[in-house]
Amino acid sequence: MIEFIPRYWYNIVPDLSRPLPPPRDPEDSNFSRIELLNSIIPKEVLRQQFTAERYVKIPDDVIELYSLAGRPTPLMRAKNFEEALDTPAKIYFKYEGATHSGSHKINTAIPQAYFAKEEGVERVVTETGAGQWGTAVALAAALMKIKSTVFMVRVSYEQKPGRRTMMNLYGAEVYASPSEITEYGRKELRKNPSNPGSLGIAMSEAIEYAINKGYRYLVGSVMEVVLLHQSVIGLEAINQFDYIGETPDVLIGCVGGGSNFAGFSYPFIGSKKGSRYIAVSSSEIKKFSKGVYEYDFPDSAGLLPMLKMITLGKDYVPPPIYSGGLRYHGLAPTLSLLVRDKTVEWMEFSETEIYEAAMLFARTQGIVPAPESAHAIMAAIKVAQEAREKKERPVIAFNLSGHGLLDLSYYQKMEAK
Amino acid sequence: MKKLLVSYMTIGYPNEEDYLNFIKEADELGTDVFELGYPPDFAKYDGPLIRKSYSKVKSVFKNFSELISKSRNFTEKKIIVLTYLESVQNNLDEFLENVKSHGADGVLFPDLLVDFPESYSGYIKQISEKRLEHVIFVSPFVPDRLISEVSALSRPFLYYGIRPTTGIVTPVGVGTLVKRVKNLIDNRLIVGFGLKDDDDIREALSAGADGVAVGTAYIEAFEAVGLKGALDVVKKVRNILDEFE
């Protein structure tokens with residue numbers, strides 16, 4: 001039902017417990033990176049990045065496009081999965097894999113491409129890790145009838161030819177990053193010709209390319225405006241839960257930069273629905289257990305303003321795990337604050353653990369999850385098992401941020417182990 | 001009610017003579033409160049122009065308190081000294097006594113709430129004990145609850161920084177932001193930090209701001225034209241403020 005799609009996005013900043021440290025330049029800087037944002041990010045996107053409004057109106061055209069792209073996404077109860085876990089808990093999931101691009105990423109790609117088009121821009125540029133974001137941008141640009149260029153982290157480019165094909169099908173130009181077409185990419189390749197790439201490097205390439213060519217850069221995660229747009233997931237879920245007369249106690253999502261988790265959970269946190277919010281990352285990346293809370297660059301080249309966040313360091317090159325969406329070094333500033341003040345709990349799981357979780361979910365519910373989303377499934381299993389031990393009946397809801405139909409090579413690899 | 005002009009100037013910028021002339025004439029041209037920038041170790045929330053002005057004066061002067069005293073000779077208006085708490089927190093009492101004894105009426109630490117949210121009330125008490133006023137700086141990054149909580153504590157007004165950094169224009173809805181914050185507070189509201197032009201100032205005032213703070217525009221004019229340019233900006237802003245009396 002289109003009525004489930006909210007008319008406003010939700011911004012958590014006015015409801016935080018403490019001020020959000022603002023973006024800033026490093027100490028030795030003689031130019032303003034915030035000023036630089038003016039020339040690469042669509043104006044309305046930037047205005048929304050710095051807004052203090054609790055609710056921001058979603059343009060009618062964007063609501064139409066959300067509907068075209070598969071919103072509202074289903075909120076489903078995973079009864080068969082509950083039975084397999086032998087848990088008294090009820091488990092629901094919001095299925096963002098049902099969007100046409102196959103993940104939640106389309107929720108911010110559409111408005112960003114829409115605002116870029118409104119400015120008369122002919123091409124948008126971005127980076128992608130696992131490929132979900134690049135696919136979403138390629139689709140959003142196609143829907144807005146503008147062109148797109150995507151820098152795809154080399155390891156994913158090689159592991160996920162299906163993603164690349166999908167982006168090409170939507171009309172995007174796709175380059176493996178580090179690439180030869182930017183100065184930053186060439187520099188990285190000179191240092192290490194077999195560099196597997198990272199989201200930070202791909203981001204730096206996309207920004208450099210957008211600056212030099214006068215295009216607009218679309219942001220896939222970390223920045224508050226992305227979290228704002230993603231709030232459509234949680235707001236929609238609240239409408240759906242209200243419709244069935246249920247309220248979740250535990251909200252779970254996987255975390256790369258933090259946008260799908262935040263988009264799903266922030267509207268619940270803001271309206272004081274639920275009592276536990278769990279962000280899940282990879283134990284190969286260790287963002288929560290090893291990350292430090294400090295000002296760091298969101299991109300490896302240091303072109304964007306520094307953000308105060310939980311980070312592994314901008315130069316961190318993550319191991320080539322398959323969950324490309326979780327390989328990012330930083331964590332959105334508002335989410336970093338909420339983790340620090342313990343509003344949000346965290347968990348980390350290994351690729352082996354999440355493979356088991358994905359397999360159980362696929363066999364009981366029929367959906368092959370993206371490996372990133374399987375981290376959320378694994379956390380739901382943990383909470384459901386706890387509930388069984390404590391004889392409690394919580395209502396668990398997790399965000400199944402994307403399907404894994406283009407990740408079958410990962411499943412093949414894990415099967416072979 | 002008369003709208004307030006808060007004029008920011010980096011202490012000693014661009015040189016002692018022009019700086020003091022600026023204070024004297026900006027007073028005569030209708031500045032209501034002076035906000036004097038005391039060079040911090042790192043002006044982390046300021047834009048490049050103000051950062052550059054700090055570097056410049058740091059290379060020339062050693063004793064900024066003395067320049068506060070000299071400023072006092074040219075104005076009877078309130079003098080609020082602005083610096084970063086991070087730079088002075090280890091010898092805060094000494095810093096406060098020093099600026100007070102050189103003629104300051106109050107202090108403003110733009111990093112107080114952002115970087116010391118758990119201990120800000122202790123610092124405010126410490127400032128009050130030295131019989132200095134404390135202007136509290138809030139911004140769109142400060143949660144509503146905290147803005148309401150600190151609004152009444154801020155003296156002689158609450159300072160709302162509209163943009164993330166000084167002197168850098170990012171697209172923000174000035175009117176919307178000012179109306180929002182007006183609903184949260186019970187105090188006079190001064191809007192600053194990146195007001196970009198006359199339209200921005202008018203929009204802030206129409207939305208209910210009780211005055212504006214100007215800084216980067218003076219420094220920019222000093223750089224481009226010199227003292228006369230900076231004073232022209234004072235005149236221009238005063239005229240806009242007077243449209244709203």
How many Å² of accessible area per residue for the protein assembly as shown, probe 1.4 Å? 35 Å²
Summarise the partner chain shielding of B:168-175 as one whole number: the mean count of Cβ atoms from other chains within 10 Å of each residue's Cβ. 6
Report the charge-dipole magnitude of the range A:78-189 in Debye, nearest 20, computed about the Cα centre from +1 at each Lys and Arg Cβ and -1 at each Asp and Glu Cβ. 160 debye
Sum of side-chain charges, residue A:254 neighbourhood, beta-carbon under 15 Å (Lys, Arg +1; Asp, Glu -1): -2
Run the simple label-point estimate for residue B:15 and residue A:388 please: 7 Å along Cα→C-beta, distance reported in nm. 8.2 nm
Tell me, how many Å apart are the Cα centres for the range B:147-192 and for the range B:38-59? 23 Å
Filtered trypsin sites (Lys or Arg not before Pro), the range A:100-196: DSSP coil and at most 10 other beta carbons within 10 Å: A:145
Using a simple charge model, +1 on the beta-carbon of Lys and Arg, -1 on the beta-carbon of Asp and Glu, nothing else, what dipole does the protein assembly as shown show about its Cα centre, in debye to the nearest 20? 960 debye
When a/c reaches 1.5 or more, the comparison of a/b and b/c decides; with that in mind, is the range A:269-417 rounded, prolate or oblate per its Cα gyration tensor? oblate
Residue mean of other protein chain beta carbons inside 10 Å, B:116-127: 1
Once you have a ≥ b ≥ c as the square roots of the Cα gyration tensor eigenvalues for the range A:241-290, tell me rounded if a/c is under 1.5, and otherwise prolate or oblate according to whether a/b is larger than b/c. prolate
On each of the three principal axes the extent of the alpha-carbon atoms of the protein assembly as shown, given in whole Å and largest first, is 82, 56, 44
Counted charge near residue A:167, where neighbours are those whose Cβ lies closer than 13 Å (Asp, Glu -1; Lys, Arg +1): +3
Quick one: 3J(HN,Hα) in Hz for the range A:125-142, Karplus 6.51/-1.76/1.60 with θ = phi - 60°, rounded, Gly and Pro as x. 10, 7, 10, 8, x, 6, x, 4, 5, x, 4, 5, 5, 4, 5, 4, 5, 4
Can you list the HN-Hα couplings for the range A:56-70, worked out from phi with the Karplus curve (6.51, -1.76, 1.60; θ = phi - 60°), rounded to whole Hz and with x for Gly and Pro? 10, 5, 8, x, 4, 4, 5, 4, 4, 5, 4, 5, 4, 8, x
Honestly the range A:10-65 on the Cα gyration tensor test (a ≥ b ≥ c root eigenvalues; a/c under 1.5 rounded, otherwise a/b vs b/c for prolate or oblate) is just oblate
Calculate, in nm to one decimal, what residue B:42 and residue B:131 gain on full extension: separation in residues at 0.36 nm each, minus their alpha carbon distance. 29.4 nm
What list of ³J(HN,Hα) couplings, whole Hz, do you get for the range A:29-46 from phi and the Karplus terms 6.51, -1.76, 1.60, once you set θ to phi - 60° and write x for glycine and proline? 7, 10, 9, 9, 6, 5, 4, 4, 4, 4, 8, 10, 10, x, 3, 5, 5, 5
Going through B:2/B:228; A:94/B:44; B:58/B:179; A:105/A:287; A:290/B:52; B:44/B:70 one by one, the pairs whose alpha carbons sit over 31 Å apart turn out to be A:94/B:44; B:58/B:179; A:290/B:52
Can you give the relative contact order of chain B as a percent, counting alpha carbon pairs under 8 Å and 6+ residues apart? 23 percent
Would you mind calculating the relative contact order of the range A:89-168 from Cα pairs under 8 angstrom and at least 6 residues apart, reporting the percent as a whole number? 29 percent
For the modelled label position 7 Å from the Cα of residue A:2 along Cα-to-Cβ, which residues of the range A:68-87 have backbone nitrogen atoms closer than 20 Å? A:68-75
Could you run the numbers on buried accessible area between B and A, total for both chains, 1.4 angstrom probe, in Å² to the nearest 100? 2600 Å²
Using a Förster distance of 60 Å, how high is the FRET efficiency between residue A:363 and residue A:38, based on the Cβ-Cβ distance and rounded to 0.05? 0.75
Suppose each label sits 7 Å from its Cα in the direction of the beta carbon; what would the residue B:2-residue A:183 distance come out to in nanometres? 5.3 nm
Of every Cα-Cα pair in the range B:79-169, the percentage lying beyond 17 Å is 45 percent
Considering every residue in B:142-150, what mean count of other chain Cβ atoms within 10 Å of its Cβ is obtained? 4
Simple spin-label model, 7 Å along Cα-to-Cβ: residue B:224 to residue A:28 in nm? 3.2 nm
Any chance you could check the Cα centroid distance between the range A:54-86 and the range A:246-301 for me, in angstrom? 18 Å
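The values are calculated or read from the model by the stated rules, or taken from the named source; none is laboratory data. None of the values given here were measured: they were computed from a predicted structure. In this analysis, Cβ positions are derived from the backbone assuming ideal geometry, glycine residues included, and neighbour counts consider all displayed protein chains. For accessibility, only protein heavy atoms count, side chains too; no ligands or nucleic acids. Shrake-Rupley method; radii C 1.70, N 1.55, O 1.52, S 1.80 Å.
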